[in-house]
Amino acid sequence: MNVSDSIILNNLQVEQKIRRIAFQIYESNSNEKEIVIAGIANNGYLFAEKIHKVLLEISPLKIELCKVFIDKKKPRKPITTSLTIPEYENKSLVLIDDVLSSGTTLIYAIKHFLDVPLKRFKTAVLVNRNHKKYPVKADFKGISLSTSTKEHVVVEFDNDETVVYLT
């Protein structure tokens with residue numbers, strides 16, 4: 001992070017957002033026995049791990065963690081996951097990424113999961129920017145920002161410290 005960068009969320013604020021999103025996910029899935037938390041590698045998965053940890057604290061549900069591998073530069077390439085299809089089939093799934101900007105990564109990841117029968121499908125992001133190229137939305141979001149297309153939102157997961165800033 002440079003001196004000219006603007007902090008959007010400090011670590012405490014990020015932790016509060018994670019906790020709130022975890023409660024929202026639990027509330028919307030309270031009738032389920034199991035939830036799959038699918039985080040898009042790399043930062044989306046780190047964010048998903050933090051949500052997973054809180055969900056384990058607050059909910060009696062079985063919470064599976066899944067890593068989604070997508071080539072963000074070439075999102076049409078095949079997408080793989082750390083879980084097999086039968087492990088998330090007919091279950092409630094929440095797809096998680098750190099930042100929703102153009103929607104490209106999220107829409108292609110959604111497409112992958114649409115080929116599988118799911119009980120319920122939701123999305124969650126820490127930062128929702130309003131520059132969507134595709135009709136995709138986050139069901140659960142930490143913060144919505146209206147930024148210029150030239151600005152870049154960076155989420156830095158560093159050990160136990162998470163900071164979101166604008167460059």
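The values are calculated or read from the model by the stated rules, or taken from the named source; none is laboratory data. Keep in mind that what you see is a predicted model, and the values were worked out from it rather than measured. Cβ atoms come from the backbone with ideal geometry, glycine included; neighbour counts cover every protein chain shown. The protein model used for the area step is the full one, side chains on, heavy atoms only, and it has no ligands, DNA or RNA in it. Shrake-Rupley method; radii C 1.70, N 1.55, O 1.52, S 1.80 Å.
Does any residue of region 47-65 turn out to be over 24 Å from Ile18 (Cβ atoms), part of a helix (DSSP H, G or I) and open to solvent by less than 80 Å² (accessible area, probe 1.4 Å)? No, region 47-65 has no match at all. Inspect region 10-20 for any residue being within 17 Å of Ala124 (Cα to Cα), out of contact with any Asp or Glu (no Cβ under 8 Å at 6 or more places or on another chain), in a strand (DSSP E or B) and open to solvent by less than 30 Å² (accessible area, probe 1.4 Å) and give the result as yes or no. Checked against the condition, which is being within 17 Å of Ala124 (Cα to Cα), out of contact with any Asp or Glu (no Cβ under 8 Å at 6 or more places or on another chain), in a strand (DSSP E or B) and open to solvent by less than 30 Å² (accessible area, probe 1.4 Å), region 10-20 yields no hits at all.
Of all residues in region 88-119, those that are farther than 25 Å from Leu9 by Cβ and in a strand (DSSP E or B) total 2. Filtering region 116-137 down to residues that are touching a residue at least 40 places away in the same chain (Cβ under 8 Å) and more than 12 Å from the chain's Cα centre (by Cα), which residue is surrounded by the fewest Cβ atoms within 10 Å (Cβ to Cβ)? Only one residue fits best here, namely Arg120. The residue that is farthest from Gln13 (Cα to Cα), among those in region 138-167 that are buried (at least 17 other Cβ atoms within 10 Å of the Cβ) and of a type in the set (Ser, Thr, Tyr), is Tyr165. Pull up region 124-137, narrow it to residues that are touching a helix residue (DSSP H, G or I) at 6+ places or on another chain (Cβ under 7 Å) and either among the β-branched types (Val, Ile, Thr) or under 14 Å from Ile8 (Cα atoms) (or both), then point me to the one that is modelled with the highest pLDDT. Restricting to residues being touching a helix residue (DSSP H, G or I) at 6+ places or on another chain (Cβ under 7 Å) and either among the β-branched types (Val, Ile, Thr) or under 14 Å from Ile8 (Cα atoms) (or both), the top hit is Leu126. The set of residues in region 90-115 being over 27 Å from Leu145 (Cβ atoms) and either under 12 Å from the mean Cα position of the chain (by Cα) or modelled with pLDDT of 95 or more (or both) consists of Asn90, Lys91, Ser92. Check region 66-87 and report whether any residue there is open to solvent by less than 70 Å² (accessible area, probe 1.4 Å), farther than 29 Å from Thr147 by Cα and either part of a helix (DSSP H, G or I) or without any contact (Cβ under 8 Å) to a residue 12 or more places away in the chain (or both). No, region 66-87 contains no residue that is open to solvent by less than 70 Å² (accessible area, probe 1.4 Å), farther than 29 Å from Thr147 by Cα and either part of a helix (DSSP H, G or I) or without any contact (Cβ under 8 Å) to a residue 12 or more places away in the chain (or both).
For region 35-46, a residue qualifies if it is in a helix (DSSP H, G or I) and of a type outside the set (A, V, I, L, M), and the qualifying residues are Asn43, Gly44, Tyr45. Counting only residues that are assigned to a helix (DSSP H, G or I) and in contact (Cβ under 8 Å) with a residue 12 or more places away in the chain, which one in region 24-34 is least open to solvent (accessible area, probe 1.4 Å)? Taking the candidates together, the pick is Ile25. Scanning region 35-65 for residues that are basic (Lys, Arg) and free of Cβ contacts under 8 Å to residues at least 40 places away in the same chain yields Lys53, Lys62. Condition first: under 24 Å from Leu55 (Cα atoms) and surrounded by fewer than 21 Cβ atoms within 10 Å (Cβ to Cβ). Now tell me which residues in region 100-112 satisfy that. Correct list: Ile110 only.
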